[in-house]
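In what follows, a single structure is set out as structure tokens and then discussed.
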Amino acid sequence: MYDVIIIGSGPAGLAAAIYAQRACMDMLVLEKNYMSGGQVLDTYEVDNYPGLKGMNGFDLGMKLREHADALGAKFVTAAVREVRIKEGRLEGDVQAAEAAKAGFCIVTDKETYEARTVIIAAGAQHRKLGIPGEEALAGRGVSYCATCDGAFFRDKTVAVIGGGDVAVEDAIFLARGCRKVYVVHRRDELRAVKSLQEKLLSLPNVEMVWDSVALDIRGEQAVEGLAVKNVKTQETQVLPVDGVFVAVGIQPNSQAYQGLVKMDPAGYICADETGRTSVPGLFAAGDIRTKALRQILTAAADGANAVFAAEQFLNAQK
């Protein structure tokens, strides 16, 4: 039985691996993909990680993995199907620490592992449009994070797709540095809170594209245009843009933990800054937990905090 099993190998999981190995914990990282790094691998350039200005996202992911490897962290490629208390699966909130003392079973598509504590760092994924050009131009003009990539489009023209709070906030943020910002929304009014709507609509370099859906993203080596269709008139047009920011929602990779741990209505695992969840011995780190800011830096900090909390939990059981 491991002291801790870390599920996920994005920045949160890799940071947790580094801290767990340095703490001399018997640990294992379970990663779904054959390459560590998570969403950062799809980021062309990372410009907001302190001390590593302008680093390629792929390189940053590899450096995090190399650090964990250098310390001797153990990795297994396997998809997690279920996590349960050893005595059997528990439904709903679990408050009694006694229930977790026996440890956890982590069922994967290959075999079952056991651990005294578990850190879930499985991350989240941006909802995608599923249109031509989106995958091919991801990281080359197609982005899902304005605060991450907006600085690369200074004095350029971009489009934001969406009509909720995040989309409007992204458009406002981008309008500060971009020459022009199109906001493409399938309805004739925004869903964002009124205060955000008023601020957005007051900006001179923002143009609303109402009642419209994206058809395809065009370009060879980088984004050159966005084709949209008006759902009322069926007319199509191509917006001349250098970047497309998709803001149609994000979903946590928490399906395997439904019924085990308390989650919010959106499916994020409820956990505080320490990573502690409603199940003693079970911790959440990174994009999968309830939090305001989801960035590489905050994910790495979550990983460190979760290991520290797991150490405290284990020490308390002695």
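Got a sec to turn the phi values of segment 53-70 into Karplus ³J(HN,Hα) couplings, 6.51 cos²θ - 1.76 cosθ + 1.60 with θ = phi - 60°, whole Hz, x for Gly and Pro?
Result, ordered by residue: 4, x, 6, 5, x, 4, 5, 5, x, 5, 5, 4, 5, 4, 5, 5, 5, 4 Hz.
At a Cα cut-off below 16 Å, give the aspartates and glutamates reachable from residue 229, other chains included and same-chain residues fewer than 8 away excluded.
Of all the aspartates and glutamates, those that pass the test against residue 229 - Cα under 16 Å, at least 8 places apart if same chain - are 188, 207, 211, 216.
Hey, got a sec? Which GluC sites (Glu not before Pro) in segment 215-318 land in a DSSP loop and have at most 13 other Cβ atoms within 10 Å?
Those that pass, being in a loop and sparsely packed, are 220, 235, 273.
Amide H neighbours of residue 56 under 5 Å, counting only residues 5+ apart in sequence or on other chains, H built in-plane at 1.01 Å?
Amide H to amide H, under 5 Å and 5 or more residues apart or across chains, residue 56 pairs with 46.
Over segment 221-282, consider all pairs of different Cα atoms and compute the Kirkwood hydrodynamic radius from their mean reciprocal separation; express it in Å, one decimal.
Evaluated on segment 221-282, it is 15.7 Å.
Dividing the alpha-carbon Rg of the chain by 2.2 N^0.38 Å yields what?
Taking the Cα Rg and dividing by 2.2 N^0.38 Å, one obtains 1.09.
Using the heavy atoms of the protein chains and a 1.4 angstrom probe, tell me the accessible area per residue for the chain in square angstrom.
47 Å²
Students often get this wrong, so check it: of 32/53; 32/318; 156/291; 262/291; 32/86; 128/232, which have C-alpha atoms separated by over 26 Å?
32/53; 32/318; 156/291
With each pseudo-label sitting 7 Å past Cα toward Cβ, what's the residue 128-residue 312 distance in nm, one decimal?
For residue 128 paired with residue 312, the spin-label model returns 3.9 nm.
Go ahead and set up a Gaussian network model of the chain, Cα springs under 10 Å, then flag whichever of 237, 39, 21 fluctuates most.
Evaluated over the chain, the most mobile residue of the options is 237.
Between residue 297 and residue 189, what FRET efficiency comes out of the Förster formula 1/(1 + (r/R0)^6) with R0 = 51 Å and r the beta carbon distance, rounded to 0.05?
Efficiency computed from Cβ-Cβ geometry: 0.90.
Sort the following peptides by mean Cβ neighbour count (other Cβ atoms within 10 Å, averaged over residues), highest first: 157-168, 257-268, 180-191, 278-289.
With the highest mean Cβ count within 10 Å placed first, the list reads 278-289, 157-168, 180-191, 257-268.
Charges at C-beta only: +1 for Lys and Arg, -1 for Asp and Glu. How large is the resulting dipole of the chain about its Cα centre, in Debye rounded to 20?
240 debye
Would you grab the residues whose amide H sits under 5 Å from the one on residue 134? Only those 5+ places off in sequence or on another chain, please, with H modelled 1.01 Å from N.
Hits under the 5 Å cutoff: 217.
Got a sec to turn the phi values of segment 135-152 into Karplus ³J(HN,Hα) couplings, 6.51 cos²θ - 1.76 cosθ + 1.60 with θ = phi - 60°, whole Hz, x for Gly and Pro?
Once rounded to whole Hz, the list reads 5, 4, 9, 4, x, 10, x, 9, 9, 10, 8, 5, 5, 7, 10, x, 5, 6.
Just the number, please: percent antiparallel of the DSSP beta bridges in the chain, rounded to the nearest 5.
45 percent
Please work out how much length the chain gains when fully extended from residue 152 to residue 140, using 0.36 nm per residue of separation minus the C-alpha to C-alpha distance, in nm with one decimal.
3.3 nm
Can you give me the % of accessible surface on the chain that is carbon or sulfur? Probe 1.4 Å, all protein chains present, nothing else counted.
Reported share for carbon and sulfur atoms: 49 percent.
The values are calculated or read from the model by the stated rules, or taken from the named source; none is laboratory data. This is a predicted model, so every value here is computed, not measured. So basically every Cβ, Gly included, is an ideal-geometry build from the backbone, and we count neighbours across all protein chains shown. These accessible areas exclude ligands, DNA and RNA; they are computed on the full protein's heavy atoms, side chains included. Shrake-Rupley method; radii C 1.70, N 1.55, O 1.52, S 1.80 Å.
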